[in-house]
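Chemist: Structure below; questions to follow.
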Amino acid sequence: MSVTDSELDPGIGMTSWRTRQRLIQRLRHAGIHAPEVLAAMQNLPRHLFVDEALASRAYEDSALPIGHGQTISQPYTVALMTQSLLERVTPDTVLEIGTGSGFQTAVLAALVRRVYTVERIQILLEQAQRRLGSLRQRNIRFLHGDGTKGWPDYAPYDGILVTAAPPGIPRILAEQLAPGGVMVLPVGNDMQQVLVRVTRDADGFTQEILDTVSFVPLLTGIS
């Protein structure tokens, strides 16, 4: 597990350490209480995960475009999903569906032993690999593939986090959870989505709705 710190890229102006701290205060006020999640969010230079032209907006609590019809999630959403994943288990291995910019990947990699991340858009995957490599996060395995299929080679996983919305809970992903494992994902369509936590227990799967959210749809295939 690797944890980055502010010395890797302290930033200036709207990307400074002080600006990051203001974001963390907003997350606390919004209900993010897990200290390890807040620390990971504060230590990671989010401005390195967006286009340089948008760097001044990196520590706003908003989603930002990263190209190819994708976005980097709102910091609150990243923190909520991570906190919800870690509340009931301490995952050893986590599968992430939708690498995107790599920011959510980086947060997970700071908190668990191994992250397996799948991205369908090759150019986004390559960009994320370079960013995460520059931050010395070595506990991540990458796959250019169809995230709707998961990554069965390394299953079962203690946690699964999905960063795009399927219309319903994908059975193929739920079945890659270890007993006691937790999956956090958005579910719905472009009109209405909810964030759901799925737990695999002795009787099957239990579900709970955590919040309303807005994500890009989970697509099949690769590009």
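Chemist: Can you find a residue in the stretch 125-135 that is in contact (Cβ under 8 Å) with a residue 40 or more places away in the chain, in a loop (DSSP other than H, G, I, E, B) and among the charged types (D, E, K, R)?
Modeler: Looking for residues that are in contact (Cβ under 8 Å) with a residue 40 or more places away in the chain, in a loop (DSSP other than H, G, I, E, B) and among the charged types (D, E, K, R), one finds none in the stretch 125-135, hence no.
Chemist: Continuing with the same structure: Tell me whether the stretch 42-54 contains one or more residues that are touching a strand residue (DSSP E or B) at 6+ places or on another chain (Cβ under 7 Å) and of a type in the set (A, V, I, L, M).
Modeler: Yes: one or more hits.
Chemist: Looking at ARG136, ARG171, ARG113, can you tell me which residue is closer than 24 Å to ARG46 by Cα, basic (Lys, Arg) and at pLDDT 95 or above?
Modeler: ARG113
Chemist: Name the residue, out of ARG113, ARG171, that is closer than 23 Å to THR90 by Cβ, surrounded by fewer than 18 Cβ atoms within 10 Å (Cβ to Cβ) and among the basic types (Lys, Arg).
Modeler: ARG113
Chemist: What are the residues in the stretch 153-171 that are part of a loop (DSSP other than H, G, I, E, B) and over 21 Å from VAL78 (Cα atoms), if any?
Modeler: Passing the criteria: ALA155, PRO156.
Chemist: Between a residue in the stretch 49-76 that is surrounded by fewer than 19 Cβ atoms within 10 Å (Cβ to Cβ) and any residue that is of a type in the set (Gly, Ala, Ser) and in a strand (DSSP E or B), which pairs come within a Cβ distance under 8 Å, given they are 6 or more apart or on different chains?
Modeler: These pairs meet every condition: ASP51/GLY67.
Chemist: When you check THR82 against the structure, is it closer than 18 Å to GLY221 by Cβ and within 14 Å of the chain's Cα centre (by Cα), yes or no?
Modeler: Here the answer is no, as THR82 does not meet what is asked.
Chemist: Considering only residues of the stretch 137-169 that are in contact with a helix residue (DSSP H, G or I) (Cβ under 9 Å, 6 or more places away or on another chain) and without any contact (Cβ under 8 Å) to a residue 40 or more places away in the chain, which is farthest from GLY100 (Cα to Cα)?
Modeler: The selected residue is PRO152.
Chemist: Would you tally the residues in the stretch 51-108 being β-branched (Val, Ile, Thr) and assigned to a loop (DSSP other than H, G, I, E, B)?
Modeler: 3
Chemist: Could you list, in sequence order, all residues of the stretch 29-50 that are in a loop (DSSP other than H, G, I, E, B) and under 13 Å from PHE103 (Cβ atoms)?
Modeler: Answer for the stretch 29-50, where residues must be in a loop (DSSP other than H, G, I, E, B) and under 13 Å from PHE103 (Cβ atoms): LEU44, PRO45, VAL50.
Chemist: Test each condition in (1) surrounded by fewer than 21 Cβ atoms within 10 Å (Cβ to Cβ); (2) closer than 25 Å to GLU208 by Cα; (3) modelled with pLDDT under 95; (4) in contact with a strand residue (DSSP E or B) (Cβ under 7 Å, 6 or more places away or on another chain) for PRO91 and report the one that comes out false.
Modeler: Of the numbered conditions (1) surrounded by fewer than 21 Cβ atoms within 10 Å (Cβ to Cβ); (2) closer than 25 Å to GLU208 by Cα; (3) modelled with pLDDT under 95; (4) in contact with a strand residue (DSSP E or B) (Cβ under 7 Å, 6 or more places away or on another chain), the odd one out for PRO91 is (1).
Chemist: Still on this model: For residues that are touching an Asp or Glu at 6+ places or on another chain (Cβ under 6 Å) and acidic (Asp, Glu), tally how many sit in the stretch 107-165.
Modeler: 1
Chemist: Quick check on this structure: which one of SER84, SER134, SER73 is in contact with a helix residue (DSSP H, G or I) (Cβ under 8 Å, 6 or more places away or on another chain), among the hydroxyl-bearing types (Ser, Thr, Tyr) and within 26 Å of ILE209 (Cα to Cα)?
Modeler: Of the residues listed, the single one that is in contact with a helix residue (DSSP H, G or I) (Cβ under 8 Å, 6 or more places away or on another chain), among the hydroxyl-bearing types (Ser, Thr, Tyr) and within 26 Å of ILE209 (Cα to Cα) is SER73.
Chemist: I'd like the full set of residues that are among the β-branched types (Val, Ile, Thr), touching a residue at least 60 places away in the same chain (Cβ under 8 Å) and assigned to a strand (DSSP E or B), limited to the stretch 182-223.
Modeler: The answer is VAL182, VAL184, THR199.
The values are calculated or read from the model by the stated rules, or taken from the named source; none is laboratory data. These figures come from a predicted structure and were not determined experimentally. Methodologically, a virtual Cβ is constructed for each residue, glycine included, from the backbone with ideal geometry; neighbour enumeration extends over all protein chains shown.
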